[in-house]
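Beneath this line is the structure, given in structure tokens, with notes to follow.
The values are calculated or read from the model by the stated rules, or taken from the named source; none is laboratory data. None of the values given here were measured: they were computed from a predicted structure. So basically every Cβ, Gly included, is an ideal-geometry build from the backbone, and we count neighbours across all protein chains shown.
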Amino acid sequence: MKKLVVESLKINNVGQRVVILKQESGSMYLAIWIATAEADSIAIRLQKIDIPRPLTHDLLCNSISKLDGNIEKVIITDIKNDTFYAKIIVNQSGKIIQLDSRPSDAISIALQANVQIYCEDSVLEKAGFKKREINDDLSKDKTNKKNSKEINSRLPLGEKERKSLSVFESFIDTLDIDE
């Protein structure tokens, strides 16, 4: 499992929101498309904006606390059919409870509770990227089809998985991610 931090929150030219996570000690990134409400909640947490009334994520954090629980961490656990999965790990008087969650909710809750975000290695292997490698791969692929086998051999994905994630690569390539 790898520790991740929220690197940025982006909006593309058609209004889709994506949260960019970066490996805390490494160069891997993870991009997760999220809904507007969750993007707003994450933005509020990142900017440390004081809000007068609790948001839904605040309600969950407050409820867990009132029930003698502590949020320990969140984990991005899987990706299936381009959908990410996550768990919120709660310790309630020594009993560990795993709550199924969308990653966007889990990230917002992690920011609110000031806990670490983790990601399973298998998720980073399937959907993680290095910004420079994607740029290099896309430019080589466009200019020289001969290099296609070399590019694919460096990636931990098969051709089918690579094609299914190509929409992510195209979008990520348009983002301005500082290394």
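Brief remarks follow.
- Subset of the range 59-74 (residues that are closer than 19 Å to Ala35 by Cα and outside any helix (DSSP H, G or I)): Val74
- Just one of the numbered conditions (1) under 11 Å from the mean Cα position of the chain (by Cα); (2) closer than 12 Å to Pro103 by Cα; (3) of a type outside the set (A, V, I, L, M, F, W, C) is not true of Lys87: (1).
- Enumeration of residues in the range 79-90 that are exposed (fewer than 15 other Cβ atoms within 10 Å of the Cβ) and of a type in the set (Val, Ile, Thr): Thr83
- Candidates Ile107, Ile76, Ile151: the one that is surrounded by 11 or more Cβ atoms within 10 Å (Cβ to Cβ) and modelled with pLDDT under 95 is Ile151.
- Criterion violated by Ile88 - all others in (1) in contact with an Asp or Glu (Cβ under 6 Å, 6 or more places away or on another chain); (2) at pLDDT 95 or above satisfied: (1)
- Residue within the range 11-18 that is in a strand (DSSP E or B), among the charged types (D, E, K, R), crowded, with 19+ Cβ neighbours inside 10 Å and touching a residue at least 12 places away in the same chain (Cβ under 8 Å) present: yes
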